[in-house]
Amino acid sequence: MNTTATAPAAIAPAAAAAATDPLRLTLVVGSNRHGRFGPVVADWLLGRIQDRNDLVAEVVDVAEAALPMSLEPTPEAAAALSGTTPKLARADAFVVLTPGYNHSFPAGLKNLVDWHFAEWQAKPVGLVSYGGVSGGLRAAEHLRQVFAELHAVTVRDTVSFHNAGASFDDHGALRDPSGPDAAAKTMLDQLVWWGRALREARLSRPYGI
């Protein structure tokens with residue numbers, strides 16, 4: 001009887017903190033192509049995140065991860081993962097930034113995703129895409145299928161940049177920020193709702209499916 005009675009009391013302070021503490025968000029920059037445009041979009045997005053008091057961000061950049069494609073657990077792979085896996089594991093939520101390459105997302109991003117499993121589980125994912133006419137939306141839709149398989153929850157609203165190079169000036173500032181800023185707010189609001197709900201759920205009932 002005593003164990004049953006004290007268990008909710010032990011969980012309550014952690015659950016209360018989970019409802020109000022800022023979420024730990026990891027922004028995954030998904031392109032490693034030479035001359036990539038991703039860092040421009042990432043810097044803009046980090047600015048939107050830093051304007052909020054309910055999110056604390058850190059970055060995982062596929063171009064800096066240097067993960068082998070073999071998925072073989074070698075010492076070299078372990079060294080590369082040491083700078084990446086902890087950032088994914090401690091995240092409460094993710095934003096994945098992807099270009100559209102040939103109607104999908106880059107191989108380097110898929111490799112980073114495939115090197116991990118439990119780190120994604122029962123956490124929300126926001127998707128930001130960029131590209132030409134399609135704005136990378138096909139890549140975002142393909143990522144929804146991948147993250148569903150990994151027991152992650154992608155939020156409904158996305159941010160996309162059609163003809164991305166023309167959307168930003170030479171200093172990396174948006175020429176017309178009104179639409180993207182509004183879209184980012186909507187996506188991040190949804191991410192915070194899901195992030196808090198799932199953080200509370202993981203604290204009270206660890207996810208182990």
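Structural remarks
- Test: residue in the range 63-75 that is closer than 20 Å to Ala139 by Cβ and within 15 Å of the chain's Cα centre (by Cα): no
- When Pro99 is tested against (1) buried (at least 17 other Cβ atoms within 10 Å of the Cβ); (2) under 27 Å from Ala197 (Cβ atoms); (3) not aliphatic (A, V, I, L, M), just one condition goes unmet, and that condition is (2).
- Restricting the range 24-42 to residues that are open to solvent by less than 60 Å² (accessible area, probe 1.4 Å) and under 12 Å from the mean Cα position of the chain (by Cα) leaves a set whose member that is nearest to Phe168 (Cα to Cα) is Ala42.
- So Thr74, is it polar (S, T, N, Q), over 21 Å from Asp169 (Cα atoms) and touching a strand residue (DSSP E or B) at 6+ places or on another chain (Cβ under 7 Å): no
- Members of the range 43-68 that are open to solvent by 60 Å² or more (accessible area, probe 1.4 Å) and free of Cβ contacts under 8 Å to residues at least 60 places away in the same chain: Gln50, Asp51, Asn53, Val56, Glu64, Ala66
- Residue check, Val128 of a type in the set (A, V, I, L, M), at pLDDT 95 or above and not in a helix (DSSP H, G or I): yes
- Tabulated pairs, the range 179-203, first within 16 Å of Gly47 (Cβ to Cβ), second polar (S, T, N, Q), C-beta under 7 angstrom, 6+ apart or interchain: Met187/Thr158
- Taken over the range 152-164, the criterion of being within 16 Å of Ser31 (Cβ to Cβ) and open to solvent by 10 Å² or more (accessible area, probe 1.4 Å) is satisfied by Ser160 alone.
- Taking the criterion of being small (Gly, Ala, Ser), outside any loop (DSSP other than H, G, I, E, B) and more than 14 Å from the chain's Cα centre (by Cα), the residues of the range 90-117 that qualify are Ser104, Ala107, Gly108.
- Scanning the range 69-89 for residues that are in a loop (DSSP other than H, G, I, E, B) and in contact (Cβ under 8 Å) with a residue 40 or more places away in the chain turns up Met69, Leu71.
- Residues of the range 123-151 satisfying the condition of being among the hydrophobic types (A, V, I, L, M, F, W, C) and open to solvent by less than 10 Å² (accessible area, probe 1.4 Å): Val125, Leu127, Val128, Ala139, Ala140, Leu143, Phe147
- Test for Leu27: is it closer than 28 Å to Trp193 by Cα, aliphatic (A, V, I, L, M) and modelled with pLDDT of 95 or more: yes
- From His162, His151, residue being at pLDDT 95 or above and farther than 27 Å from Gly131 by Cβ: His151
The values are calculated or read from the model by the stated rules, or taken from the named source; none is laboratory data. Since we're looking at a predicted model, the values are computed, not measured. Virtual Cβ from ideal backbone geometry, glycine too; neighbours counted across all protein chains shown. Ligands, DNA and RNA are excluded from the accessible area calculation, which covers all protein heavy atoms including side chains. Shrake-Rupley method; radii C 1.70, N 1.55, O 1.52, S 1.80 Å.
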